[in-house]
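What follows is a set of notes on a single structure, which appears directly below.
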Amino acid sequence: MKRAWKGYLLIAPMLAGFLLFYVVPFGQVVWDSLSQGTGKSQLFVGLENYLSLFKDGSMVKSLLTTFKFTIVVVLGHLILGTILALAMNKKRPGVNIFRTILIIPWLLPDVVVALLFKWIFNANYGVFNNILIRLGILEKNQAWLSTGFAFTILAAVCIWKGYALIMVNMMAGFQSVPEDVYEAAKLDGANPVQTFFRITVPMIKPVISTAVILDTVWWFKHYTIIKLLTDGGPNNTTATVSISIYKEAFSYHNYGVAAAGAGVVFVICWLISKIMRRAMDQNA
């Protein structure tokens, strides 16, 4: 019994932190999503907040925008991260310096990245306009973040910010494949493309699936860069579900509806991870 109590005492701080920072907030969000009002005036309304999410169609539109944004960004990460991982996986002079440089975007805070690119694409004094005018491509400044290019710019910025997660994981996966396997494939006459898709990818599939699932869930619920760069504009073309939830809570003061939106995002992220994991396991 004494040993058991010692064990409970050792895990007590971690358990207390888990309850305080995870279980209690989660329970509060669930309660808020099933009620209206705040504080003592909260009234239980059941699923009314969840139903009101989809009445005017704005939440459905923001969800579709979120899926589109997530697919584009994650595919960009996967393609760019894999190409750079293949390039950086070779033993060449100075390769460690390039590896460090390529990880820098991932290390920068989201706020810094958003403000940096907001300055670059500024309509009045942005570097991007200045370069295009000097090259003769533009005649006058353009407000890029207020045009139809806003979604493309946002996706490109987010791809630049997050490709390093895939790159690092892919490099770790590549280095885990024994050299003997590559030598045997070479002796059998396999070319580099066949070796990559028939040997490397199947052997590092657990690494790929984990990285892609984490990347997908992270960018599906991403908020900071979108908020600071476009704030969902123009005309809600970049209004993802996170932006919609924020506006419901802090612009319209519909805290119950915002909590219901957070619940929907939680369920979707959980389903994404389950579906992607099952799909990866079936193809293993």
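The values are calculated or read from the model by the stated rules, or taken from the named source; none is laboratory data. Note that the coordinates shown come from a computational prediction; the quantities given were computed from them, not determined experimentally. Virtual Cβ from ideal backbone geometry, glycine too; neighbours counted across all protein chains shown. Please note that ligands, DNA and RNA were not included when accessible areas were found on the heavy atoms of the full protein model with its side chains. Shrake-Rupley method; radii C 1.70, N 1.55, O 1.52, S 1.80 Å.
Could you tell me what percent of the accessible area of region 118-272 is made up of carbon and sulfur, with a 1.4 Å probe and every protein chain present?
Summing carbon and sulfur atoms, their accessible area is 63 percent of the total for region 118-272.
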Total formal charge among the other residues, if their Cβ is under 13 angstrom from that of Ile243, Lys/Arg +1 and Asp/Glu -1: +2
Points 7 angstrom from Cα along the Cβ direction at Ala156 and Asn236: gap in nanometres? 2.7
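Which pairs in the list Lys55/Lys221; Lys91/Lys274; Lys161/Lys205; Lys118/Lys274; Lys6/Lys274; Lys90/Lys221 are over 30 Å apart, alpha-carbon to alpha-carbon?
Long pairs (Cα-Cα over 30 Å): Lys91/Lys274; Lys118/Lys274; Lys6/Lys274; Lys90/Lys221.
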Would you mind checking which residues have amide H under 5 Å from Ser35's amide H? H placed 1.01 Å from N; only 5 or more apart, or other chain. Val45
May I ask you to list the residues of region 260-283 whose amide nitrogen lies under 15 Å from a point 7 Å from Cα along the Cα→beta-carbon direction of Ser176? 281
What FRET efficiency do you get for Met276 and Glu183 if R0 is 35 Å and r is their Cβ-Cβ distance, rounded to the nearest 0.05? 0.60
Cα gyration tensor of region 244-284 diagonalised, 5x eigenvalues square-rooted, in angstrom largest first, produces semi-axes 33, 7, 4
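Counting only helical runs of four or more DSSP H residues, what would the 222 nm mean residue ellipticity of the chain come to if each run contributes -39,500 (n - 2.57) and the total is spread over all its residues?
It lands at -22500 deg cm²/dmol.
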By the Cα gyration tensor axes a ≥ b ≥ c (a/c under 1.5 gives rounded; else a/b larger than b/c gives prolate, otherwise oblate), the shape of region 162-208 is prolate
Can you classify region 134-284 as rounded, prolate or oblate using the Cα gyration tensor, where a ≥ b ≥ c are the square roots of its eigenvalues, rounded means a/c under 1.5, and otherwise it's prolate if a/b beats b/c and oblate if not? oblate
So, relative contact order of the chain in percent, Cα under 8 Å, 6 or more apart, is 29
Would you look at the GNM of the chain, springs on alpha carbons closer than 10 Å, and say which of Ala164, Ala150, Ala12 moves the most? Ala12
Need the full-extension length gain, Leu75 to Val267, defined as separation in residues times 0.36 nm minus the C-alpha distance. One decimal, nm. 66.9 nm
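Kindly provide the Kirkwood hydrodynamic radius of the chain in Å, to one decimal, from all pairs of distinct alpha carbon atoms.
Details: mean 1/r = 0.0448 Å⁻¹.
Mean inverse Cα-Cα distance, inverted, gives 22.3 Å.
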Apply the Karplus parameterisation 6.51 cos²θ - 1.76 cosθ + 1.60, with θ equal to phi minus 60°, to every residue of region 97-114 and state each ³J(HN,Hα) to the nearest whole Hz, in sequence, with x for glycine and proline. 5, 5, 4, 5, 4, 5, 7, 3, x, 5, 7, 5, x, 4, 4, 5, 4, 5
Measuring with a 1.4 Å probe in the full set of protein chains, what accessible area per residue, in whole Å², belongs to the chain? 62
Using 0.36 nm per residue of separation minus the Cα-Cα distance, give me the extension gain between Ala143 and Leu51 in nm, one decimal. 29.4 nm
